[in-house]
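See structure below.
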Amino acid sequence: MIEISEKAESVIHQMILDKNIADLFLRIGIEDGGCSGLSYNIKLDDLLTEEDEVLPTETFNIVWDKRSIEFLEGIKIDYQNQGMTGGFTIDNPNAKASCGCGASFRTATYKGSRKKCD
């Protein structure tokens, strides 16, 4: 299961409202890349596919493709205010190693395809 904090849910909900697009949801995925091998692909989306799983929250849906769930199972998404800025954080119990910025990771069973971070 994917867990999202109240603060992160509130920030994402406001982002969705600001876009003013019907049926917008949060899509979370994993792709090869990043300095550790796997990168998160997180965006607002409005197009569902047959490969998607949906988790409703009180304010929006979280969607992921079926092939990503083994890497996403148990993640916790939070939003933290840090000084004058803020940002989303992901605590992933599947990650056995990650890069310094936290944007990419690898698991014990899959290392992905390492690529230099942008």
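Quick notes on this one:
- Listed candidates [x] 23, 18, 13; [y] 27, 22, 13; [z] 29, 15, 12 - label of the one calculated as semi-axes √(5λ) of the Cα gyration tensor in Å: [x]
- Here the label points at THR49 and GLN80, each 7 Å from Cα along the C-beta direction, are separated by 3.3 nm in the simple model.
- Net +/- balance of residues flanking THR59 in space, Cβ distance below 11 Å, scoring K and R +1, D and E -1: -3
- GNM result for the chain, Cα springs below 10 Å: residue of LEU17, LEU48, LEU26 fluctuating most strongly: LEU17
- Length-normalised contact order for region 3-106 - Cα pairs under 8 Å, 6+ apart - percent: 30 percent
- From its DSSP helices (H runs of at least four residues, each -39,500 (n - 2.57)), the chain gives a residue-normalised ellipticity at 222 nm of -4500 deg cm²/dmol.
Coordinate-derived values only; no laboratory data. All values reported here derive from a predicted model rather than from experimental measurement. Note that each Cβ is placed from the backbone with ideal geometry, even for glycine, and that neighbours are counted across all protein chains shown.
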